Amino acid sequence: MTILQWTWILTGLSFALYIYIAYAARAKSTGDFYVAEKSVPPFMNGMATGADWMSAASFISMAGLISFLGRDGSYYLMGWTGGYVLLAMLFGPYLRKYGKFTIPQFIGDRYYSNTARVIALVCAIFVSFTYVAGQMRGVGVVFSRFMDVSIDTGRDHRHGAGLLLRHAGRDEGDYLHPGRAVRRSDHRLSDPGDLRLHAVHR
Amino acid sequence: MSIHATKELQAYWKENLFYIAVLLGIWFLVSYVCGILIVNQLDAYTIGGFPLGFWFANQGSLVTFVVLIWVYVWLMDRLDIKYNVQQ
């Protein structure tokens, strides 16, 4: 067997495993969806969120952008990471106290306004698209090298598999991130007694 | 529960805003001022072989961000205990 055949087989097997984990530990409610019914210790939850962000967008696209732009790329670096400080100080504690999962939910309730909720939602969609654009390209590059196909085909393969995973798990998480999978599969084993509310920003 | 004592809550909120103002001041200083506005002047100095302004933009500000979040969490935990509103 050639290296390429082995690559296809191993990639297929690992996708099958991820789909199985996603299906076996699928989310049953909104609370389950975002914070695993608060049954996971905050530290684990933080690790899962951290792992979620270690994606193609940050590893490949951000690194590529910075090496391509040279010193000017520092703006992205500082903006990308500086945003976490704003989130932690201006949003995190209040999301947590309101018991909300997403910023649009929180803004709509806090300001008693559906208009504000919609504006926050539109902002969130824009942020997601910006993020996903980098991720799609990064994933396409990785898979094209890996499976010896064009970048577009690689991207399509990856996201076809992603679609399956999402339907199997009915979860917002991306099961290609090990932290998420661990969190999902772990939360059924842990004690649901610990109800510390731990809001996760998305 | 002291949570209904409005005056206390106002004092709590005031201290909270003060912490945020100071920490975001540092946040602005290390990234925008040191990493962008006066980056050329800072480059006259070096730290570990790197120009200081470059270092601030690419490592110093990021390290400071992490420290800021830790300090904020620590300060707010203390403040919650002081006003007896901890969870």
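The values are calculated or read from the model by the stated rules, or taken from the named source; none is laboratory data. Computed from a prediction, not measured in an experiment: that's the story for all the values here. Cβ placement follows ideal geometry from the backbone for every residue including glycine, while neighbour counts extend to all protein chains displayed.
Name every residue in the range A:77-113 that is away from every other protein chain (no Cβ under 14 Å) and part of a loop (DSSP other than H, G, I, E, B), in order of residue number.
Answer for the range A:77-113, where residues must be away from every other protein chain (no Cβ under 14 Å) and part of a loop (DSSP other than H, G, I, E, B): A:LYS100, A:PHE101, A:THR102, A:TYR111, A:TYR112, A:SER113.
May I ask you to list the residues in the range B:62-87 that are at the interface with chain A (Cβ under 10 Å from one of its Cβ atoms) and hydroxyl-bearing (Ser, Thr, Tyr)?
B:THR64, B:TYR72 - these are the residues of the range B:62-87 that are at the interface with chain A (Cβ under 10 Å from one of its Cβ atoms) and hydroxyl-bearing (Ser, Thr, Tyr).
Out of (1) of a type in the set (S, T, N, Q); (2) surrounded by fewer than 14 Cβ atoms within 10 Å (Cβ to Cβ); (3) within 12 Å of chain A (Cβ to nearest Cβ), the odd one out for B:GLN59 is which?
(2)
What is the residue count in the range B:27-46 for residues that are part of a loop (DSSP other than H, G, I, E, B) and either free of Cβ contacts under 8 Å to residues at least 12 places away in the same chain or touching a helix residue (DSSP H, G or I) at 6+ places or on another chain (Cβ under 6 Å) (or both)? Walk me through it before giving the result.
Residues of the range B:27-46 part of a loop (DSSP other than H, G, I, E, B): B:38, B:43-45.
Those left that are additionally either free of Cβ contacts under 8 Å to residues at least 12 places away in the same chain or touching a helix residue (DSSP H, G or I) at 6+ places or on another chain (Cβ under 6 Å) (or both): B:43-45.
Within the range B:27-46, residues that are part of a loop (DSSP other than H, G, I, E, B) and either free of Cβ contacts under 8 Å to residues at least 12 places away in the same chain or touching a helix residue (DSSP H, G or I) at 6+ places or on another chain (Cβ under 6 Å) (or both) number 3.
Taking the conditions exactly as written (farther than 20 Å from A:TYR131 by Cβ and assigned to a helix (DSSP H, G or I)), does A:ALA116 satisfy them or not? First the steps, then the outcome.
Numbers: farther than 20 Å from A:TYR131 by Cβ: yes; assigned to a helix (DSSP H, G or I): yes.
Judged against the criteria, A:ALA116 is a match.
With respect to the numbered conditions (1) more than 20 Å from the chain's Cα centre (by Cα); (2) at the interface with another protein chain (Cβ under 9 Å from one of its Cβ atoms), which one is the sole condition not fulfilled by B:GLN41?
Looking at each condition in turn, B:GLN41 falls short on (2).
Quick test for you: out of B:LEU75, B:LEU24, B:LEU17, pick the one residue that is surrounded by 12 or more Cβ atoms within 10 Å (Cβ to Cβ) and without any contact (Cβ under 8 Å) to a residue 24 or more places away in the chain.
On the way: B:LEU75 fails: without any contact (Cβ under 8 Å) to a residue 24 or more places away in the chain; B:LEU17 fails: surrounded by 12 or more Cβ atoms within 10 Å (Cβ to Cβ).
Just one listed residue meets the conditions, B:LEU24.
For the subset of the range A:29-44 comprising residues that are more than 12 Å from chain B (Cβ to nearest Cβ), in a helix (DSSP H, G or I) and at pLDDT 70 or above, which member is surrounded by the most Cβ atoms within 10 Å (Cβ to Cβ)? If you could, list the steps in order and put the result at the bottom.
Taking the range A:29-44 and keeping what is more than 12 Å from chain B (Cβ to nearest Cβ), we get A:29-41, A:43-44.
Those left that are additionally in a helix (DSSP H, G or I): A:30-38, A:43-44.
Next cut, at pLDDT 70 or above only: A:43-44.
Numbers: A:PHE43: 9, A:MET44: 18.
Out of the qualifying residues, it is A:MET44.
If the requirement is being under 28 Å from A:PRO41 (Cβ atoms), of a type outside the set (A, V, I, L, M, F, W, C) and modelled with pLDDT under 70, which of these qualifies: A:ARG180, A:ARG110? Give the derivation first.
Details: A:ARG110 fails: modelled with pLDDT under 70.
Every option except A:ARG180 fails the conditions.
In the list A:ARG110, A:ARG96, which residue meets the criterion of being in contact with a helix residue (DSSP H, G or I) (Cβ under 9 Å, 6 or more places away or on another chain), more than 30 Å from A:ASP152 (Cβ to Cβ) and basic (Lys, Arg)?
Numbers: A:ARG96 fails: in contact with a helix residue (DSSP H, G or I) (Cβ under 9 Å, 6 or more places away or on another chain).
Selected residue: A:ARG110, the only one of A:ARG110, A:ARG96 that is in contact with a helix residue (DSSP H, G or I) (Cβ under 9 Å, 6 or more places away or on another chain), more than 30 Å from A:ASP152 (Cβ to Cβ) and basic (Lys, Arg).
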